[in-house]
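Engineer: Encoded as structure tokens, here's the structure I'll be asking about.
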Amino acid sequence: MNKNHVELAVIGAGPAGMAAALAAWESGIRDIVILERGSVPGGILPQCIHNGFGLHRFKEELTGPEYAGRDLELLKKTGVEILCNTMVLSISPDRCIDAVGKETGYLSFTADSIILAMGCRERTAGAILLEGSRPSGIFSAGTAQRYINIEGYMVGKKAVILGSGDIGLIMARRMTLEGAKVEAVVELMPYSNGLTRNVVQCLEDYNIPLYLSHTVTKVHGDTRISGVSITKVDENRIPIAGSEFDIDCDTLLLSVGLIPENELSKTAGVELDPRTNGAVVDENMQTEAEGIFACGNVLHVHDLVDFVSAEGERAGKSAAEYLKNGTAKKDSYILVKNGFGVGYTVPQRISTNCKTPVTVFFRVNRVYKKSEIFISNEKGEMMSFKRERMAPGEMEKIVISPDKLKSGNVIIIGARAITQ
Amino acid sequence: MKELTCIVCPRGCALRVDEVTFQVTGNSCSRGVEYGAREVRDPQRTLTTTVILEEAVRKRLPVKTDRTIQKSMMAACAAATNGIVATAPIKVGDIIIENLLGTGANLIAGCDMPKRKS
């Protein structure tokens, strides 16, 4: 790249960024660059060597590297330029991008449109105020995954995993298959935050105990971790005195949540939503900052890469639309709000002149059995959808037709249990 | 009646399988029927792991079995991949081990790995 202007810049060559660039290309945009800080495209997919990806998008079950490979094959047929080893330092509100690259050196250029697809990072031991000493042997689950699957280093022989999100569950199986003993997976909440199928195929298949409503209350060890204390917690997640027990281990993996990586969004002046830690977007994935779009885990943390890609495609198409026609700025919006039992919604607002059905993604904030999602506006309830089961670990979606957007300034999405 | 969680897709349907007739209920699609009936008789899984990679930029090659293997063979098959060395260049789908431990499944490469420029 040796110019000072592009039509479309995509930040991040993970599944969201690749899908966004592909969709923009297919919509007729011909001047696209993807900036990727890693040495290869694919984002987190190359280290996710397990299968289960692509059932929606490619209609077959793929591993992470295979899924990334499919997107790369598609990109090779386009003129989209991917710059790896290139770290974006800042984005200004008028869409000037500063970056440094291994091959290119310092870059400074403007873009007519930008798609934010930086993904997310893991919460750390510090973020959860883990008590006790700080020996070696404590890893975030994704770091351990990288060591084992990419670098070829085994992280330990006897492990405890704190957190039962999907990465923690996948790593329990991975450590076991590599010959380690996983003593326990410990979960603060009374339910697993991972997909039920991962609890089955990663823990139950290998007889790994899952301690729900428990947490690690102390780390033991001097140079290397030698064990952890585990304590049962009450319904307010407060440790119950006297319920403590110790497990010996040489490794502690933390799978305690993901944080969308929005440092660049902030320099660009993009408004963030404290509920998602991602940008506030409309139904076209456009942020408050004109011409800047967001998709994938930088917008809100997803469970499935297929949905990340779908969101990337939406952002890519919308950016292409914006580049061709521009968008009537300062449209009036209908606000989408989370009501009872719902943690957040994406998008957070819908243009009043929206003419196509809008898919709204959200998460409930507790486990529901037979239940209903209900949609209301200021005049009252408009519709409801039945569900057999809902859990915070499984993202929900509903489709709102444009006629429901005609009467009102706000849409509220709530959840309630159905009592028999 | 055996109660299972279907692992075919992320939906995770709660299946009930009759252990005599192998009739499946609670499924949302036909793959659930196939999975449920098989799971009570002869549980199968896909193995995914890595092998040592030489002459490439990366040090490990992601691999998987090209079909499911018996669940009881997972640990033995994973152990059998230890010490296996693959050499770049490699194309996705290349066979790394044929008929892994007699399961009938081949261990295949999960991605392209070009030869390292020396």
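Where a number appears in this text, it was derived from the coordinates with a stated rule and is not lab data. Computed from a prediction, not measured in an experiment: that's the story for all the values here. Here the Cβ positions follow ideal geometry from the backbone for every residue, glycine too, while neighbour counts run over all protein chains shown.
Engineer: What residue among B:35, B:76, B:61 has its Cα farthest toward the positive end of the dipole of chain B, where the charges are +1 on Lys, Arg and -1 on Asp, Glu, each on the Cβ?
Structural biologist: Positive-most Cα among the choices belongs to B:61.
Engineer: Take region B:2-41, drop everything but the C-alpha atoms, weight them equally and run the Debye formula without solvent; then report log10 I(q)/I(0) at 0.18, 0.23, 0.31 Å⁻¹ to two decimals.
Structural biologist: -0.35, -0.58, -1.06
Engineer: Still on this structure, I have one more. For region A:343-348, just list the computed ³J(HN,Hα) in residue order, Karplus coefficients 6.51, -1.76 and 1.60, θ = phi - 60°, integers in Hz, with x standing in for Gly and Pro.
Structural biologist: Running phi through 6.51 cos²θ - 1.76 cosθ + 1.60 with θ = phi - 60° gives x, 7, 9, 9, x, 8 Hz.
Engineer: Can you compute the charge dipole magnitude of region A:337-417 about its Cα centre, using +1 on each Lys and Arg Cβ and -1 on each Asp and Glu Cβ, nothing else charged? Give it in debye, rounded to the nearest 20.
Structural biologist: Numbers: 15 positive and 7 negative charges, 19 e Å.
I would put it at about 100 debye.
Engineer: What is the mean number of Cβ atoms from other protein chains located within 10 Å of the Cβ atom of each residue in peptide B:2-14, rounded to a whole number?
Structural biologist: Details: counts 0, 0, 1, 8, 3, 11, 4, 7, 15, 5, 9, 4, 3.
Partner Cβ neighbours, averaged per residue: 5.
Engineer: What ranking do A:212, A:75, A:45 get, fewest neighbouring Cβ atoms within 10 angstrom at the top? Show your work: numbers first, answer last.
Structural biologist: On the way: A:212 15, A:75 21, A:45 25.
Result, fewest neighbours first: A:212, A:75, A:45.
Engineer: Sticking with this structure for a sec: What does the average come to when, for each residue of peptide A:60-71, you count the partner chain Cβ atoms lying within 10 Å of its Cβ?
Structural biologist: Numbers: counts 0, 4, 2, 8, 4, 12, 9, 2, 2, 5, 1, 0.
For this peptide, the per-residue mean of nearby foreign Cβ atoms is 4.
Engineer: Of B:48, A:150, B:103, which is farthest towards the positive pole of the protein assembly as shown's charge dipole, taken about the Cα centre with +1 and -1 on the beta-carbons of Lys, Arg and Asp, Glu respectively?
Structural biologist: Checked the options; the winner is B:103.
Engineer: With a cut-off of 8 Å between alpha carbons and a minimum separation of six or more residues, what is the relative contact order of chain A in percent?
Structural biologist: On the way: 1032 pairs, mean separation 67.2, N = 420.
Normalised by residue count, the contact order of chain A is 16 percent.
Engineer: Follow-up. Amide H of residue A:251 versus every other amide H placed in the peptide plane: which residues, excluding those fewer than 5 positions away on the same chain, fall under 5 Å?
Structural biologist: Under 5 Å from the amide H of residue A:251: A:158, A:160.
Engineer: Please identify every one of the GluC sites (Glu not before Pro) in region A:53-107 that sits in a loop by DSSP and has no more than 12 other beta carbons within 10 Å of its own beta carbon.
Structural biologist: Passing both the DSSP loop test and the Cβ count: A:60, A:103.
Engineer: Based only on other Cβ atoms within 10 Å, what is the fewest-to-most ordering of A:154, A:1, B:1?
Structural biologist: On the way: A:154 13, A:1 16, B:1 9.
With the fewest neighbours first, A:154, A:1, B:1 line up as B:1, A:154, A:1.
Engineer: Along the charge dipole of the protein assembly as shown, which of B:1, A:368, A:277 sits closest to the positive end, that is, farthest toward it, with unit charges on the beta carbon of Lys, Arg, Asp and Glu (+1, +1, -1, -1)?
Structural biologist: Going by the Cα projections, it comes out as B:1.
Engineer: Give the relative contact order (percent, whole number) for region B:2-41; include only Cα pairs under 8 Å separated by 6+ residues. Don't skip to the end; give the middle numbers.
Structural biologist: Values: 65 pairs, mean separation 14.3, N = 40.
This gives 36 percent for region B:2-41.
Engineer: By residue number, which cysteines of chain B lack any other Cys whose Cβ falls under 4.7 Å from their Cβ?
Structural biologist: B:9, B:29, B:77, B:111
Engineer: Please arrange A:153, A:368, B:35 by how many other C-beta atoms lie within 10 Å of their C-beta, fewest to most.
Structural biologist: Values: A:153 11, A:368 20, B:35 23.
So the residues, fewest neighbours to most, are A:153, A:368, B:35.
Engineer: Right, here's the next one. Using the Cα centre as the reference, give the magnitude of the dipole from point charges on the C-beta atoms of region A:58-207 (Lys, Arg: +1; Asp, Glu: -1; all else neutral), rounded to the nearest 20 debye.
Structural biologist: Working: 16 positive and 19 negative charges, 68 e Å.
Dipole about the Cα centre, nearest 20: 320 debye.
Engineer: Beyond 29 Å, what share of the Cα-Cα pairs of the protein assembly as shown remains, rounded to the nearest whole percent? Please list the in-between numbers first.
Structural biologist: Values: 81583 of 144453 pairs.
Value for the protein assembly as shown (Cα pairs over 29 Å): 56 percent.
Engineer: Amide H to amide H under 5 Å from residue B:44: which residues, 5+ apart in sequence or cross-chain, H placed 1.01 Å off N in plane?
Structural biologist: Here the answer is B:71, since their amide H atoms fall under 5 Å of that of residue B:44.
Engineer: If you average the alpha carbon positions of region A:251-303 and of region A:1-41, how far apart do those two centres end up, in angstrom?
Structural biologist: Using only Cα atoms to place each centre, the spacing works out to 18 Å.
Engineer: Additional query: Within region B:66-98, which trypsin sites (Lys or Arg not before Pro) sit in a loop by DSSP and count at most 15 neighbouring Cβ atoms inside 10 Å? Show your work: numbers first, answer last.
Structural biologist: Values: sites: B:67, B:71, B:91; in loops: B:67, B:91.
Those satisfying the criteria are B:67, B:91.
Engineer: Could you tell me which of rounded, prolate or oblate describes region A:302-420, using a ≥ b ≥ c as the square roots of the eigenvalues of the alpha-carbon gyration tensor, with rounded for a/c under 1.5 and, failing that, prolate when a/b is larger than b/c and oblate otherwise? Intermediate values should be presented prior to the final figure.
Structural biologist: Details: a/c = 2.65, a/b = 1.43, b/c = 1.85.
Taking the square roots of the gyration eigenvalues as a ≥ b ≥ c, region A:302-420 is oblate.
Engineer: Summing Lys, Arg as +1 and Asp, Glu as -1, what charge do residues with Cβ under 14 Å from the Cβ of residue A:168 carry, residue A:168 excluded? Please report the intermediate quantities before stating the final value.
Structural biologist: Values: positive: A:123, A:173, A:174; negative: A:122, A:166, A:183, A:187, A:303.
Its environment carries a net charge of -2.
Engineer: Follow-up question, since we're still on this one. Can you work out the Karplus-derived ³J(HN,Hα) for every residue in region B:110-118? Use 6.51 cos²θ - 1.76 cosθ + 1.60 with θ = phi - 60°, whole Hz, and x for glycine or proline.
Structural biologist: Ordered by residue, 3J(HN,Hα) equals x, 7, 6, 9, x, 5, 5, 6, 7 Hz.
Engineer: Further question: Give me the percent relative contact order of chain B, please, defined on Cα pairs under 8 angstrom at least 6 residues apart. Intermediate values should be presented prior to the final figure.
Structural biologist: Numbers: 234 pairs, mean separation 23.0, N = 118.
Relative contact order here is 20 percent.
Engineer: Okay, moving on. Under the definition of partner shielding as Cβ atoms of other protein chains within 10 Å of a residue Cβ, what is the mean value for peptide A:201-208?
Structural biologist: 2
Engineer: Rg and Dmax in Å for region B:48-109, alpha carbons only: what are they?
Structural biologist: 11.2, 35
Engineer: If you don't mind, another one. Under the rule of -39500 (n - 2.57) per DSSP H run of 4 or more residues, summed and divided by the residues of the protein assembly as shown, what mean residue ellipticity at 222 nm is obtained, to the nearest 500 deg cm²/dmol? Spell out each step's value before the answer.
Structural biologist: Numbers: 8 runs with 88 residues, N = 538.
One gets -5000 deg cm²/dmol as the mean residue ellipticity at 222 nm.
Engineer: Assuming a viscosity of 1.306 mPa s and a temperature of 10 °C, what translational diffusion coefficient in µm² per second does Stokes-Einstein assign to region A:131-250, Rh being the Kirkwood radius over Cα pairs?
Structural biologist: Working: Rh = 14.5 Å.
The Stokes-Einstein estimate is 110 µm²/s.
Engineer: Related question: From the backbone phi of region A:171-185, what are the Karplus-calculated ³J(HN,Hα) couplings (6.51 cos²θ - 1.76 cosθ + 1.60, θ = phi - 60°) in whole Hz, Gly and Pro given as x?
Structural biologist: Running phi through 6.51 cos²θ - 1.76 cosθ + 1.60 with θ = phi - 60° gives 6, 4, 5, 4, 4, 4, 5, 8, x, 7, 9, 9, 6, 6, 10 Hz.
Engineer: Please list the non-local residues whose amide H lies under 5 Å from the amide H of residue B:5, H modeled 1.01 Å from N, same-chain partners needing a gap of 5 or more.
Structural biologist: Those qualifying (amide H under 5 Å, at least 5 residues apart or on another chain) are B:15.
Engineer: Now for a different question. Rounded to the nearest 20 debye, what is the charge dipole size of the protein assembly as shown about its Cα centre when +1 sits on each Lys and Arg Cβ and -1 on each Asp and Glu Cβ?
Structural biologist: Numbers: 63 positive and 63 negative charges, 79 e Å.
In total the dipole reaches around 380 debye.
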